[in-house]
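So the structure is just underneath, and the comments pick up after that.
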Amino acid sequence: MLRAPAARDAADLAAGVGDRRVSRWLLHVPHPYPPALARAWIAQAATDARAGTAATWVIEEAGAVIGVVSLRLVARHRHAELGYWVARRAWGRGVATEATRAAVTWAFAAWRAERVFAQTLGEHPASARVLGRLGMRPEGVRRRHLRKGARYHDAHQFGVVRAAWRDAVGHNARPDVAARSDRALPRARPRGGGRPRRAAARGRPAR
């Protein structure tokens, strides 16, 4: 199930993303990752929800949070950046594919995005496979484009436009999941310039 982040999620978030095998791929997530940082992230999520600049869901299974999926809106261009992570215990079960597909469905439906894009920190075959299942195509590599700690990393770019999404995977998406997630999100204040009418929390840690 996808739902908006809540204060009670701090311990699960810290445990899942605090695993070095997860955090190594996430640009804005340090290691270790204490619960205090998770609480701050949840609070920032609520702020971004009110601003209407992003949407974030936690992935819940059997009452525990096992990951995060997020979208960050570039309103002027009607683009959305996708980010996600899944706890190691949930790897290999299609969790990331199902959650990201629901989020991309939501971006094209609720925000009427023209394009959704993502990037990986260095070469990440598992994430590349997930993004490929969403109809995202490789769009090139920005050499030594991202810095995490003392190291520079290549940024591998992926993206899908509205027409390609509809033709490739849109008919197989889970609109019921996206709709339930949408209802779980707080409404944002109406804004001008073509901004969406509802959104949730910013997804920076989910990259």
Just grab the label-to-label distance for Arg162 and Arg39, each label 7 Å out from Cα along the Cβ direction, in nm (one decimal).
4.3 nm
Which order results if Leu2, Leu37, Leu131 are arranged by neighbouring Cβ count within 10 Å, fewest first?
Leu37, Leu2, Leu131
For the pair Glu114 and Ala64, how long in nm is the line joining their label points, each one 7 Å along Cα→Cβ?
4.4 nm
Give the order of Tyr33, Tyr152, Tyr84 when sorted by the count of other beta carbons within 10 angstrom, beginning with the fewest.
Tyr152, Tyr33, Tyr84
Histogram of C-alpha separations across region 1-103, 5 Å bin width, %
2, 13, 23, 26, 22, 10, 4, 1
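Values quoted throughout were computed directly from the atomic coordinates according to the rules given, and no laboratory measurement underlies them. Since the structure is predicted, the reported quantities are computational estimates derived from the model, not experimental observations. Please note: Cβ atoms are built from the backbone with ideal geometry, for glycine as well, and neighbour counts cover all protein chains shown.
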